[in-house]
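The values are calculated or read from the model by the stated rules, or taken from the named source; none is laboratory data. Note that this is a predicted model, so its numbers are computed, not measured. Don't worry about glycine lacking a Cβ; one is built from the backbone with ideal geometry, like all the others, and counts go over all protein chains shown. Surface areas here come from the heavy atoms of the whole protein model, side chains and all, with no ligands, DNA or RNA. Shrake-Rupley method; radii C 1.70, N 1.55, O 1.52, S 1.80 Å.
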Amino acid sequence: MPLFRTYDEFPPVVTTTQNFDDLLVPKDHPGRRPTDTFYVDQAHVLRTHTSAHQSELLRRGENAFLVTADCYRRDEIDASHYPVFHQMEGVRLFAPSELASFTAEAVLEDLKRTLEGLVRSLLGDVPLRWVDAYFPFTHPSLELEAFFHGSWLEVLGSGVIHTDVLKLCDRTDRIGWAFGIGIERIAMVLFDVPDIRLFWTQDKRFLEQFSDGNISNRFKPFSKYPPVYKDITFWCPPGFHENDFCSAVRDIAGDLVERVQVIDEFTHGKTGRQSRCYRITYRSMERSLTNTEIDELQQNVRTHVSQELRYELR
Ligand code: PHE
């Protein structure tokens, strides 16, 4: 019998209790805001992580499990972020007899060894590093990063399960670890896929390079089509949040947006108002974009942010 029981059919709408409260996420944590999380109604969200299913399984008495699922976040736009992504949660609780010493240190050591083994078995000898992290539901917390295309890419978050989480689940007889691994992030490194949007493309030149059960091939890039850059400048309204702007751009331009980055900002000396200039990089994975087509799209973005979001354009 495998040690870890697997789950991959939990529906994506969960309660705010599952997604946040059970995990000790403070009421004022930025992750709870509607700028970061898709709310279905006041008490329900699209899960932002597979940790949303941890407490329920712990309460049922499970000691070792994996939960794989689609997760949703409102986020920045770049090559490694996409509003929907996949995670696999892993949890392991130990009885006193299963550890050399019944301490957080022993758990942490097992966690590091297990996850390094897992990631190495998938990625071979790419450079990896552990960095300190913070999650409300684990202590200590660590992230594992892989070196990919010139920078460090986070591939998983993890830590020793907080004793208060175990208390809420009536499981104080045990201690243990948890991790959440980003499936697309692993796949990017494993298959050498440079942009997360590619996982959503219908382009045959991408799809035909992969087949079920084969994890040994590397992505052979097809020609990169040229980017088209468009800038937009506006006065930030009170309570402005970049994710709102990014979502609006995504709503209008979809997967043609490769990147949204702030390139200039200043605060008006007298009024204190902040002005920002954003550069939108448009690029298709499939074809060359024409300037006329992107002008039109950019015009739609402008109309949308001024009429729906009520930003004052400059
Ligand atoms: N849920 C965390 C995230 O999505 C990752 C994590 C899982 C961290 C389990 C610690 C333990 O970022």
Thr201 surrounded by 14 or more Cβ atoms within 10 Å (Cβ to Cβ) and of a type outside the set (Asp, Glu): yes
Pairs with Cβ under 6 Å, 6+ apart, first in region 160-187 and more than 13 Å from the ligand (Cβ to nearest atom), second open to solvent by less than 60 Å² (accessible area, probe 1.4 Å) and of a type in the set (S, T, N, Q): Cys169/Ser55
Of all residues in region 106-119 being of a type in the set (Asp, Glu) and over 24 Å from Ser55 (Cβ atoms), the one that is surrounded by the most Cβ atoms within 10 Å (Cβ to Cβ): Glu109
Number of the exception - Leu122 against (1) of a type in the set (A, V, I, L, M); (2) open to solvent by less than 20 Å² (accessible area, probe 1.4 Å); (3) modelled with pLDDT under 95: (2)
Residues of region 129-159 classified as away from the ligand (no atom under 16 Å from the Cβ) and crowded, with 17+ Cβ neighbours inside 10 Å, total: 1
Enumeration of residues in region 261-286 that are within 20 Å of Asp195 (Cβ to Cβ) and either touching a residue at least 60 places away in the same chain (Cβ under 8 Å) or not in a loop (DSSP other than H, G, I, E, B) (or both): Gln261, Tyr278, Arg279, Ile280, Thr281, Tyr282, Met285, Glu286
Subset of region 69-99 [of a type in the set (S, T, N, Q) and within 13 Å of the ligand (Cβ to nearest atom)]: Gln87
Strands (runs of 3 or more DSSP E) lying entirely in region 17-96 (those with 1 or more residues that are within 28 Å of Pro238 (Cβ to Cβ) and either open to solvent by 50 Å² or more (accessible area, probe 1.4 Å) or at pLDDT 95 or above (or both)): 39-41, 44-46, 64-72
